[in-house]
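J.: First, the structure itself, so that you have it in front of you.
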Number of protein chains: 2
Amino acid sequence: MGDEFSRIARYLAPLAGPEGLGLTDDAALFTPPAGRQLVLTTDQMLEGVHFIPGDLPALIARKLLRRNLSDLAAMGATACGYLLTTALPPTTDESWLAGFAAGLAQDQAEFGIQLFGGDSSSSPTHISLSATLIGHVTPGAALRRNGAKAGDDIWVTGTIGDAALGLQARRGTLQDKSGFLTSRSLLPNPRMGLNLSGIAHAAIDISDGLVQDLGHLCKTSNLAATLYVALVPTSHEAAIFGDAMLETRLTGGDDYELLLAVPPEAATALRLACGNLAITKIGTFSSGQAGVTILGPHGQAMNFSTAGWQHF
Amino acid sequence: MGDEFSRIARYLAPLAGPEGLGLTDDAALFTPPAGRQLVLTTDQMLEGVHFIPGDLPALIARKLLRRNLSDLAAMGATACGYLLTTALPPTTDESWLAGFAAGLAQDQAEFGIQLFGGDSSSSPTHISLSATLIGHVTPGAALRRNGAKAGDDIWVTGTIGDAALGLQARRGTLQDKSGFLTSRSLLPNPRMGLNLSGIAHAAIDISDGLVQDLGHLCKTSNLAATLYVALVPTSHEAAIFGDAMLETRLTGGDDYELLLAVPPEAATALRLACGNLAITKIGTFSSGQAGVTILGPHGQAMNFSTAGWQHF
């Protein structure tokens, strides 16, 4: 590998927007869009925790951006740029960085964002990465977790549980002939650009697992929720594993679908706002002690050994 | 340790400003100050790279903020908030996090900043941390690296080389009876609040070492620089080691003093702006091939084996 500064100049400076000042300065200069509120989020990806050693660097880069973009999507924000930290062991070869930068470039184009700045370091052992995403919303229009009301329905975009099964496929403990589940684990699709302000009362992205993230929303909104297992949208590729994988699907993380609290009278507006994106009603919020009741296909209450992903 | 979410609620949520929404949401909501340009920077601290295993967590936290604040200082920005990432091995005990949060709280109060949001993860081996700082400047008034002009003098704040010697003291290879050098290594003082717009043509903070950071400024401004070793301000505690430590002092990093390009006619304004903070002229910029000429006490050109710190 070339030295730190030539690596930055070669691989990262071409990704910088005007805010990044060619990555030569101490910080980025960003003129916020007039009359907008900023939405700021940060997420890490560590080798051995968030990705598997040997995963393609371009896909790691894209997932790093997409996990953060999903947080912006959950608040209804438009993304504009990001800061990046990389910490690479000395054994990392230059092709890794080239692939990583190519992945960043691809998703910058796809999501209309640019690199504003960052920090490069060596790492004693594993690769660690983080990105801070900057987005914006109409003041007061951001979707929050605390706005759900008793009587709201619970909706989710897309299908739930694919990424958790895809992770098992990548680890070799499950077969994924079509590669669909694997792709859902490697490359989530953040649900950007839905205009849900005035439609949804609350939103969260499903990163830790459906049950746990629904629990977060219940806690923050101080509501109970009832989740109907039979209603949870499941891809064909996930459904073929049947009930054996039910707990994994409902508690596994990394789907990056949106979970929404929507009053019944806004259901049509919700469908219109989502256009071609599948959206499914899976339960309801009610007053009562904050928490999630999971009802199986025969109306029986179900319990899982864990609600979802958390760090030790 | 409690679970991830209770740790966040206990130690980090109390640090959050209103922008952080109690750290319950997917992202922070920040209304930028009207009519200001934002200044954004990010820096990491990794165990074994940027700090020594066993360093006090409160001091690690404060240095993490201060390294980032120094980048804002170099651009003349006012700090307002930050996002934080922490990745901790499962062996980290709760007292570490308590100490770390106490350090954050102390420097939040000292520098008038608040926590806007962040991300917590487990780490396979070592502790890794990053912060993204958000500051603001009058539009167009940010100090850049590219504004130095031939004929400008080179000035530095404070004293140079203390932190590099302090690091050696912390490693036991050098004696630091007073503890001054050690404290300069553990807890830098970012030079916030100097109003240098219209006085300095360019600025950079000295994080990688005086010679290397002067080289960065030369390259970005496309100028040559002459640095007079005898003029470099040296603390009493560093000076007692004499010329044996000269290269370490001039190329070691972590001082977080400011290096400025200032036209001769602005020298008085510079001194006034710096008030009680020591400021010293150490050389000049001239046209010619970008690079740094180092002149020793007898006018002889000097070369060092390395210009300063970089990551592998």
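The values are calculated or read from the model by the stated rules, or taken from the named source; none is laboratory data. Note that the coordinates shown come from a computational prediction; the quantities given were computed from them, not determined experimentally. Ideal geometry is used to build each Cβ from the backbone, glycine not excepted, and the neighbour counts take in all protein chains shown.
J.: Check whether at least one residue in the range A:253-266 is modelled with pLDDT under 95 and out of contact with any Lys or Arg (no Cβ under 9 Å at 6 or more places or on another chain), and report yes or no.
T.: So far as the range A:253-266 goes, yes, one or more of its residues are modelled with pLDDT under 95 and out of contact with any Lys or Arg (no Cβ under 9 Å at 6 or more places or on another chain).
J.: Tally the residues that are touching a Leu at 6+ places or on another chain (Cβ under 9 Å) and over 10 Å from B:Y256 (Cα atoms), restricting the search to the range B:174-184.
T.: Looking only at that region, the number is 4.
J.: Is it true that some residue in the range A:212-230 is in the same structural domain as A:A278 (by TED's automatic domain parsing), over 19 Å from A:G291 (Cβ atoms) and not β-branched (V, I, T)?
T.: yes
J.: Tell me which residues, restricted to the range A:114-165, are more than 13 Å from chain B (Cβ to nearest Cβ) and without any contact (Cβ under 8 Å) to a residue 60 or more places away in the chain.
T.: none
J.: So, one more: Among B:A58, B:A102, B:A131, B:A73, which is the only one that is over 18 Å from the mean Cα position of the chain (by Cα) and of a type in the set (A, V, I, L, M)?
T.: Answer to the selection: B:A102.
J.: Using beta carbons and a limit of 6 Å, which pairs, at least six apart or on different chains, have the first residue in the range A:184-197 and aromatic (F, W, Y) and the second one not in a helix (DSSP H, G or I)?
T.: Listed pairs, sorted by first residue: none to list.
J.: Residues that are over 21 Å from A:G299 (Cβ atoms) and in contact (Cβ under 8 Å) with a residue 40 or more places away in the chain: list the helices (runs of 4 or more DSSP H) wholly contained in the range A:222-278 that include at least 2 such residues.
T.: Passing ranges, in order: A:236-239, A:267-274.
J.: From the list B:T125, B:T157, B:T173, B:T138, which residue is buried (at least 18 other Cβ atoms within 10 Å of the Cβ) and of a type in the set (S, T, Y)?
T.: The conditions single out B:T157.
J.: Go through the residues of the range A:145-164 one by one and say whether even a single one is over 25 Å from A:G252 (Cα atoms) and within 18 Å of the chain's Cα centre (by Cα).
T.: Among the residues of the range A:145-164, not one is over 25 Å from A:G252 (Cα atoms) and within 18 Å of the chain's Cα centre (by Cα), which makes the answer no.
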